[in-house]
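Colleague: Starting off with a structure, shown below.
The values are calculated or read from the model by the stated rules, or taken from the named source; none is laboratory data. Please read these numbers as outputs of a predicted model, since none were measured by experiment. Here the Cβ positions follow ideal geometry from the backbone for every residue, glycine too, while neighbour counts run over all protein chains shown. The accessibility values were calculated without ligands, DNA or RNA, using every heavy atom of the protein model including side chains. Shrake-Rupley method; radii C 1.70, N 1.55, O 1.52, S 1.80 Å.
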Amino acid sequence: METKIQTGPVSTKAQIQPVPKKKFKVKSLLGYAAFVGPALLFFLVIQILPFLMGLYYSFTSWNGVSSAVEWVGLENYLKIFTNDPAFFNSFIFTTKFMFAAVIISNVIGFAFALMLNAALKTKNVLRTVFFLPNVIGGLLLGFIWQFIFVKGFASLGNMTGLEFFKMPWLGDETTAFWGIVIVFAWQTSGYMMVIYIAALQGVDTSLLEAAKMDGASAWTLLTKIIVPLILPAFTICLFLTISMAFKIFDLNISLTGGGPFNSTQSVAINIYQEAFQNNRYGLGTAKSILFFVVVAIFTTVQVMMTKKREVEA
């Protein structure tokens, strides 16, 4: 039997009908809303709405308890700038602490990453050990180190006779400052180490081998090849440590409580005391808004500076 092949035009019914553009856009928007909608809703309710409410309350004299909310305009902000030296002292302490803590924690984290990125048999165990302090809660960690500074160091000082252990670590302004820095670096350096290790493992080993064949020293390999290639990791780690150091609260309140004589009081503790202990919620939220602006400026400048170096690299 002969098969008949249709050579004429195909009927319009058999052709694929194109989907209208409007219908396609509606389906796309519904698909995006199904995936992004719940997360966006939670973000608006948990982050944006409280921020806007706090911005509103910063212009009021609300005490945080009563239903009466009196609008005072810029009075809270004027009071902060003209008659609140404790807030500026806490800002000075927090800024000094931020610089010291960020440098030390990133140096230690990067050193650990370089050491544990090598071919060591115990590197997996050491990574776990160094990362473990980051898992412990800040309040618990602070109370543990408070016992170490007060009781443990005193016992070691009596046993060894070393003046380092006999110093009043939490009873003096200078030593208390460095005590908080030590605990912060001990807690966060392991987390930074994990980020740096992930970046180091992405470095092309052929570049390092070629540089070694050309006679490059270990310092040249580190500064001219490794560091420029992992600058995105530095951007992330600096951003995280700056924001965490600025917002320090739990370690500070469990180690020193802001003492001695409010010399180690962070901005977060000052805001907490103003809002929840002095019952001046409007003034406390005004301080938190100013604090947010300062932290946003610091982190934005840092990201912009390091991003520029990434492009140059």
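Colleague: Output the number of the condition that L140 fails; it satisfies all remaining conditions of (1) farther than 30 Å from I230 by Cα; (2) crowded, with 16+ Cβ neighbours inside 10 Å; (3) modelled with pLDDT under 90.
Modeller: L140 satisfies every listed condition except (2).
Colleague: Which of the residues belonging to the range 147-170 are loosely packed, with under 14 Cβ neighbours inside 10 Å and not in a helix (DSSP H, G or I)?
Modeller: G161, L162
Colleague: If you don't mind, another one. Which residues, taken from the range 269-286, are open to solvent by less than 20 Å² (accessible area, probe 1.4 Å) and under 14 Å from T94 (Cα atoms)?
Modeller: Restricting attention to the range 269-286, the residues satisfying the condition of being open to solvent by less than 20 Å² (accessible area, probe 1.4 Å) are 269-270, 274-275, 282-286.
Residues satisfying the conditions are I269, N270.
Colleague: I would also like to ask the following. Going by the structure shown, is K121 in a loop (DSSP other than H, G, I, E, B), loosely packed, with under 14 Cβ neighbours inside 10 Å and not β-branched (V, I, T)?
Modeller: On the way: in a loop (DSSP other than H, G, I, E, B): yes; loosely packed, with under 14 Cβ neighbours inside 10 Å: yes; not β-branched (V, I, T): yes.
Answer is yes for this residue.
Colleague: Sort through Q187, Q265 and tell me the only one that's part of a helix (DSSP H, G or I), open to solvent by less than 60 Å² (accessible area, probe 1.4 Å), under 20 Å from F143 (Cα atoms) and not acidic (D, E).
Modeller: On the way: Q265 fails: part of a helix (DSSP H, G or I).
Being part of a helix (DSSP H, G or I), open to solvent by less than 60 Å² (accessible area, probe 1.4 Å), under 20 Å from F143 (Cα atoms) and not acidic (D, E) holds for just one of Q187, Q265, which is Q187.
Colleague: A follow-up question, please. Does the range 297-313 include one or more residues that are among the aliphatic types (A, V, I, L, M), open to solvent by less than 40 Å² (accessible area, probe 1.4 Å) and in a helix (DSSP H, G or I)?
Modeller: no
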